[in-house]
Amino acid sequence: MSEPRWSVVIPAYNEARRLPRYLEEVASYLRSRGEPWEVIVVDDGSTDGTGDVAAGMAARYSEVRVLRQPVNGGKGAAVRAGMLAARGAYRLFADADGATPIGELKRLEAALSAGADVAIGSRAIAAPDVVVRARSHRVAAGRVFNALAEWVGLRGIHDSQCGFKAFTGAAAEDLFPKLATGGFGFDVELLLRARARGWRVVEVAINWEDQPASKVGVLKDGPRMLWQIFDARRRVAREERRP
């Protein structure tokens, strides 16, 4: 079996309703490219049959695999598991809700082809052919969180939290084994490590549309995410310190 050009990792927790549409979109898009590909759905301890839905798709597409986590470990843990199982020359993780159309992969691919090691989708950069639709309270919360992320070390990155990020195989194999943040704040640790280890990170404007039934709640998850990013800053500073 040929090594895939692209591996797409989709972390999914109780996404039985939203996952089928996006998974079909992803599989159809990758198949249309005429290159070897794979999709890895990580069922993060779902209780609504998400794993069975994904398995049904895997029965139709040999390129789709399902990893079942026995308990809910958080989005960061699910992405890490999927990326450690991936084999592609390029590796993307994308949210199961389909907020970012899979066709936006081509924008990140162009950045990687131009020399980036990590290409991150951004809802905060304006571009003539890009439209971002988000509810006002999420925009405000995102601005506050990203300002804090810049303060802890991600200067120049305007949107650390968009769930659409791509990596060269080499960068993914270096970064994901070290990722320790299991929850929603994992992106900050990932980007801090990428910078500390000398990988080139490029932010790319993408189309994005807010989806109903978001798994991230400003009040519910905000305080925990803040703790996670400060903890990640301490961990990365300690572990990536050079002699």
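If you go through the stretch 160-175 and keep only what is crowded, with 21+ Cβ neighbours inside 10 Å, touching a Gly at 6+ places or on another chain (Cβ under 9 Å) and outside any loop (DSSP other than H, G, I, E, B), you end up with Phe164, Lys165, Ala166, Ala172.
Close contacts from the stretch 163-177, counting a first residue that is farther than 16 Å from Gly103 by Cα and a second that is part of a helix (DSSP H, G or I) and of a type in the set (Gly, Ala, Ser), with Cβ to Cβ under 8 Å and a gap of 6+ residues or different chains, come to Ala171/Ala194; Leu175/Ala194.
Residues of the stretch 176-232 that are of a type in the set (Gly, Ala, Ser), at pLDDT 80 or above and outside any loop (DSSP other than H, G, I, E, B): Ala194, Ala196, Ala205, Ala232. Would you confirm, using the coordinates I've provided, whether Leu108 is part of a helix (DSSP H, G or I) and touching a strand residue (DSSP E or B) at 6+ places or on another chain (Cβ under 8 Å)? Spelling it out, Leu108 is indeed part of a helix (DSSP H, G or I) and touching a strand residue (DSSP E or B) at 6+ places or on another chain (Cβ under 8 Å).
Counting only residues that are in contact with a strand residue (DSSP E or B) (Cβ under 8 Å, 6 or more places away or on another chain) and assigned to a helix (DSSP H, G or I), which one in the stretch 77-98 is farthest from Leu30 (Cα to Cα)? My answer is Ala77. Determine whether Trp151 is out of contact with any Asp or Glu (no Cβ under 7 Å at 6 or more places or on another chain), among the hydrophobic types (A, V, I, L, M, F, W, C) and either farther than 21 Å from Glu104 by Cβ or modelled with pLDDT of 90 or more (or both). Considered against the rule, which asks whether it is out of contact with any Asp or Glu (no Cβ under 7 Å at 6 or more places or on another chain), among the hydrophobic types (A, V, I, L, M, F, W, C) and either farther than 21 Å from Glu104 by Cβ or modelled with pLDDT of 90 or more (or both), Trp151 comes out as yes. Only one of the numbered conditions (1) farther than 21 Å from Phe164 by Cα; (2) modelled with pLDDT of 95 or more is not met by Tyr29, and that is (1). State whether the residues of the stretch 121-132 include one that is of a type in the set (A, V, I, L, M), closer than 25 Å to Gln228 by Cβ and buried (at least 19 other Cβ atoms within 10 Å of the Cβ). Checked the stretch 121-132: at least one residue is of a type in the set (A, V, I, L, M), closer than 25 Å to Gln228 by Cβ and buried (at least 19 other Cβ atoms within 10 Å of the Cβ).
The values are calculated or read from the model by the stated rules, or taken from the named source; none is laboratory data. Nothing here was measured: the structure is a model prediction, and the numbers come from that model. Positions of Cβ are generated from backbone atoms using ideal geometry, with glycine treated the same way; all protein chains shown enter the neighbour counts.
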